[in-house]
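First comes the structure, then the notes that go with it.
Bear in mind that the values in this text are calculations on the coordinates, not laboratory data. Remember, predicted model here, so these are calculated numbers, not experimental data. Glycine also receives a Cβ, built like all others from the backbone with ideal geometry; neighbour counts cover every protein chain displayed.
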Amino acid sequence: MNRLRLALAAVLAASPVSALLAQSQAPQPGPRAWLQCRACHTAKTGEANKVGPNLGKLFGAKAGTLRANYTYSPALKASGIVWNDKTLDAWLANPALTVPGTRMAYPGLANPAERKALIAWLRKETR
Amino acid sequence: MMKSSRHDDATTSALTRRTLVKAGLAAALMPGLAKAATTRKAPASPSAPADVLVLGAGLSGLNAGLLLEEQGFRVTVLEGRSRVGGRVYSLTDIPGQPDAGGAVIAPGYARLLDRAGQFGVPLRPLASPVDKNGPMAIHVSGQTIPAAQWAGSPLNPFPQGPLRAVPPYAVGMAALRTSPPVLQSVGDWREPAFADRDISIADYLTAKGWTPEQLRLAFAVNPGYGNSATDLSVLMMWHLQENMRIMAADGSPVVQAVGGNARIPQAMAAALKTEVRFNQQVVGVRSDAAGVEAVTAEGQVHRARWLLCTLPASTARLVRFDPALPLLQQTAIDEITYNRTFQVFFEVAEPFWETDGLPASMWTDTSAGRLMPLGALAGGPALLLAYVNGFAADLLSRMPPEQAVARVQESITRIRPAAAGKLRVLHHVNWQDDPFAGGAYTCWRPGQIRAGFASAFDAPVGRIVFAGEHTARLARGMEGAMESGERAALQLMELI
Ligand SMILES: Cc1cc2nc3c(=O)[nH]c(=O)nc-3n(C[C@H](O)[C@H](O)[C@H](O)COP(=O)(O)OP(=O)(O)OC[C@H]3O[C@@H](n4cnc5c(N)ncnc54)[C@H](O)[C@@H]3O)c2cc1C
């Protein structure tokens with residue numbers, strides 16, 4: 001017990017406060033591919049928008065309509081896309097080709113298996 | 001008097017040139033040097049050797065380091081300077097901490113904004129101060145012309161038509177804007193389909209009837225990119241236009257970190273589990289079957305299983321890679337060019353623009369470059385920044401720093417006698433001669449995109465992965481650096 005407390009004190013003394021703060025934020029879950037999305041998006045319903053919109057309640061929604069407090073590009077709003085496994089697969093493979101004029105700056109996820117795993121995770125996470 | 005940057009920062013001193021020569025020399029002597037260094041034990045380190053050595057503690061290296069550590073990899077970051085941030089550099093000795101490096105954070109800078117948010121770095125709008133004397137005035141061929149009178153000026157080389165009314169600082173971009181835009185997706189610039197458009201701006205616009213006079217004014221005076229219409233790719237400028245559309249996002253104002261943008265890389269570095277190792281100027285990188293070694297100018301050897309090089313191409317070309325890099329990649333590293341930037345920060349004792357009635361900001365074809373007032377942002381005493389680019393910065397680089405700074409100041413007082421005795425030099429920064437920068441940001445020469453430099457930059461070689469602003473696929477500048485660090489970290493996660 002004492003040893004643990006000492007070790008803890010040593011760690012506290014050695015690490016800058018901000019480092020501790022950063023580490024106390026539990027790493028976000030998700031497949032590795034989500035590491036490329038999470039600077040721009042949150043997935044759980046009710047979380048804040050970032051540069052990209054929050055993706056809560058994504059499945060079954062019309063593209064560019066989910067969040068009233070987010071400014072989507074005219075291109076995405078006019079795309080007529082309804083989000084499901086198939087439309088998401090095309091979008092994530094190449095957003096610019098799927099919706100020319102989109103503001104999502106993402107080159108695309110080339111690996112179909114990674115897309116599949118990401119979409120499956122999104123389906124659960126964005127419920 | 002004048003305070004010049006310390007030698008670990010941007011500077012133009014003779015010392016800097018010597019350091020560069022020394023680095024080159026060390027690289028030339030590498031085989032011997034490396035051998036001598038490896039027979040010595042690597043510096044005793046209490047922890048196990050790292051999985052990944054990251055060269056450079058700029059935004060790209062720090063973002064990659066954070067992502068890799070989060071995934072459980074042991075990371076050691078080696079930095080040549082005695083500070084983090086690289087080309088993000090806030091002058092903390094000046095009230096308001098103006099940024100001498102990456103200054104403007106656009107609303108679409110997703111990764112940079114996300115890190116600022118994660119680490120609680122506050123941001124504020126970077127609003128241009130409203131000048132009651134009008135927008136940026138023009139000073140060319142010895143005459144000062146208010147922006148509103150430019151269209152009627154005999155010095156305006158453009159024929160009657162839409163471009164004549166555009167001030168020279170905006171006419172280049174205006175001329176390259178097409179409807180519909182040539183590039184309609186931010187990744188298009190690297191697509192082979194556009195390779196044949198990778199020609200010089202001069203070739204592109206000459207075919208449209210532009211004169212050398214027009215080209216010079218629009219692209220060779222205070223160039224934001226390149227030095228002239230002949231050494232800049234029109235495809236790169238179209239990429240920039242498409243990039244700006246994306247980065248403008250919903251049109252929110254551009255921002256800056258309170259206390260200077262360097263707060264962001266500082267917070268990122270503080271969040272690393274392993275401290276950044278400073279004053280480690282890397283001159284050699286050697287790979288073998290089991291790992292990679294980075295050798296410093298002082299002969300220290302750092303070893304890890306993998307290495308991430310985030311050095312700008314302008315300094316990576318001073319590093320000797322063993323075995324040699326593939327020819328196209330080395331060519332790209334050797335030949336890509338960087339924007340030249342020389343800045344002088346002045347304290348303004350009295351707002352002389354109230355005396356001469358001219359706008360504080362001015363675009364000149366002199367050694368003063370562009371004059372930008374920073375005071376309203378700083379909230380302290382008024383500051384004036386002389387921001388010099390292109391060959392005009394070359395001219396200053398070739399002088400002893402005191403003389404260069406005096407030349408800038410003389411140019412200002414010649415244009416605006418009311419400024420005489422009102423300016424005190426606080427700081428100058430010369431990015432071009434900075435041994436750890438070698439310029440401000442990448443500018444693609446005609447043909448370099450077509451030659452495949454872009455994909456050569458970010459291709460892993462054995463145990464070495466590359467990042468840095470010059471390797472970015474979609475974004476540019478600070479966000480490009482962040483994007484490249486993320487991409488490289490993911491490449492490493494796949495490789496390891
Ligand atoms: C004057 C100026 C204005 C700019 N304005 C903007 C702007 O408004 N908006 C924008 O988005 N971007 C802007 N930029 C560009 C932006 O700052 C850079 O693109 C970005 O910071 C680059 O990050 P990086 O990690 O790729 O490289 P760097 O920041 O250069 O990081 C590389 C690191 O490697 C270190 N290093 C170099 N050589 C060695 C060596 N041999 N051994 C060890 N370490 C070494 C360097 O010290 C540095 O810390 C500007 C840059 C400058 C200079």
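Numbers below:
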| quantity | calculated |
| --- | --- |
| Over 24 Å (Cα to Cα) - which of A:Lys62/A:Lys86; A:Lys124/B:Lys273; A:Lys57/B:Lys273; A:Lys57/A:Lys86; A:Lys57/A:Lys116 fall in this group | A:Lys124/B:Lys273; A:Lys57/B:Lys273 |
| Environment charge at B:Ala110 (Cβ cut-off 12 Å; Lys +1, Arg +1, Asp -1, Glu -1) | +1 |
| Cβ neighbours within 10 Å from other chains - mean over A:100-108 | 6 |
| Test item: B:468-475 mean partner chain Cβ contacts at 10 Å | 1 |
| Cα-centre dipole for chain B with unit charges at Cβ (Lys and Arg positive, Asp and Glu negative), debye to 20 | 680 |
| R0 of 51 Å, Cβ-Cβ distance B:Ala349-B:Leu495: FRET efficiency to nearest 0.05 | 0.35 |
| Burial ranking of peptide ranges B:118-125, B:358-365 (average Cβ count within 10 Å, highest at the top) | B:358-365, B:118-125 |
| Cβ-based charge dipole, chain B, positive-most Cα from B:Val429, B:Val295, B:Phe466 | B:Val295 |
| Distance between segment B:245-313 and segment B:329-369 - C-alpha centres, whole angstrom | 27 |
| Whether segment B:74-226 is rounded, prolate or oblate, judged on the alpha carbon gyration tensor where a/c under 1.5 counts as rounded | oblate |
| Environment charge of B:Ser411, counting only residues whose C-beta is closer than 14 Å and scoring Lys/Arg +1, Asp/Glu -1 | +2 |
| Residue order, fewest to most surrounding Cβ atoms within 10 angstrom, among B:Cys443, B:Cys309 | B:Cys443, B:Cys309 |
| Residue-averaged 222 nm ellipticity for chain B, from DSSP H runs of 4+ at -39500 (n - 2.57), nearest 500 | -9500 deg cm²/dmol |
| Ranked B:Met173, B:Met482, criterion: other C-beta atoms within 10 Å, fewest first | B:Met173, B:Met482 |
| Segment B:346-367 residues near the modelled B:Ser153 label - backbone nitrogen below 15 Å, point 7 Å along Cα→Cβ | B:358-367 |
| DSSP beta bridges in the protein assembly as shown [antiparallel fraction, %, rounded to 5] | 70 |
| Rounded to the nearest 20 debye, dipole of segment B:372-496 from Cβ charges on Lys, Arg, Asp, Glu | 460 |
| Cα-projected label distance for A:Arg127 with B:Asp196, points at 7 Å along beta-carbon direction, nm | 5.4 |
| Percent of beta bridges antiparallel (DSSP, segment B:44-176, rounded to nearest 5) | 50 |
| Inter-chain shielding of B:245-258 (mean C-beta neighbours from other protein chains, 10 Å cut-off) | 2 |
| Residue exposure sequence - B:Ile264, B:Ile464 - by fewest surrounding Cβ within 10 Å | B:Ile464, B:Ile264 |
| Net +/- balance of residues flanking B:Phe453 in space, Cβ distance below 14 Å, scoring K and R +1, D and E -1 | 0 |
| Euclidean distance between Cα centres, segment B:196-218 to segment B:396-463, Å | 24 |
